[in-house]
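Asker: One structure follows; several queries about it will come next.
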Amino acid sequence: MLLFIWAYTTIIFAIAYLFQVLNLTLIGLEVVTILILFISFWESTKGRHWRIIGMNIINIIFISILYFSQHTFTYIQHHDVEKMLVIVVSFVLSQLLGIFWGRQFYKHQKKSKK
């Protein structure tokens, strides 16, 4: 579990920093959103819900760092609530879609084995 949390944290911060250096911040956030979708799907098919909860905690920390950082990450400026809400909603929707899709895939896979 700790290895998963460490790897996830490293990957999302690396993606955020890399795409900021390339001046493609919106694409970087979309890559993180697709990563959240894939990991939520993968972990829900395996039934590892504690990893998804840990991922949510890291997402909260990640968004708060993006909001409060003014020198390293310039994704969200202070008093830019609309941009922060768009990021939060995209993260939540991708995770919910991944969990729902993963559970349906798991149920279908279980039925086809019988």
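Asker: Rank these by accessible area, largest first, 1.4 Å probe: ILE39, ILE65.
Answerer: ILE65, ILE39
Asker: I'm checking a number: the convex hull volume of the Cα atoms of the chain, normalised per residue, in Å³. What is it?
Answerer: Taking only Cα atoms, the chain has a hull volume of 95 Å³ per residue.
Asker: Related question: What's the percent breakdown of Cα-Cα distances in the range 3-45 across 5 Å bins, shortest bin first?
Answerer: Final binned percentages: 5, 24, 26, 23, 14, 6, 2, 0.
Asker: Here is a follow-up. Could you list the residues of the range 38-74 with an amide nitrogen less than 17 Å from a label point located 7 Å from the Cα of ARG103 in the Cα-to-C-beta direction?
Answerer: 38-54, 56
Asker: Additional query: With a sphere of radius 11 Å drawn around the Cβ of ILE36, what net charge do the other residues whose Cβ falls strictly inside it have (Lys, Arg +1; Asp, Glu -1)?
Answerer: -2
Asker: Ignoring ligands, DNA and RNA, please state the percent of accessible area on the range 1-113 from carbon and sulfur, probe 1.4 Å.
Answerer: 73 percent
Asker: Taking 0.36 nm per intervening residue step and subtracting the Cα-Cα distance, what contour gain separates ARG48 from TYR17 on full extension?
Answerer: That pair, ARG48 and TYR17, stretches by 8.3 nm at full extension.
Asker: How far apart, in nanometres, would the label points at PHE38 and ASN56 be if each is projected 7 angstrom from Cα along the Cα-to-Cβ direction?
Answerer: 2.3 nm
Asker: Quote the charge dipole size of the chain about the Cα centre in Debye, to the nearest 20; the model charges only the Cβ of Lys and Arg (+1) and of Asp and Glu (-1).
Answerer: With Lys and Arg at +1 and Asp and Glu at -1, about 1000 debye.
The values are calculated or read from the model by the stated rules, or taken from the named source; none is laboratory data. Predicted model, so just to flag it, every value in this text is computed and none were measured. So basically every Cβ, Gly included, is an ideal-geometry build from the backbone, and we count neighbours across all protein chains shown. Just so you know, the surface numbers come from the protein's heavy atoms only, side chains and all, with ligands and any DNA or RNA stripped out. Shrake-Rupley method; radii C 1.70, N 1.55, O 1.52, S 1.80 Å.
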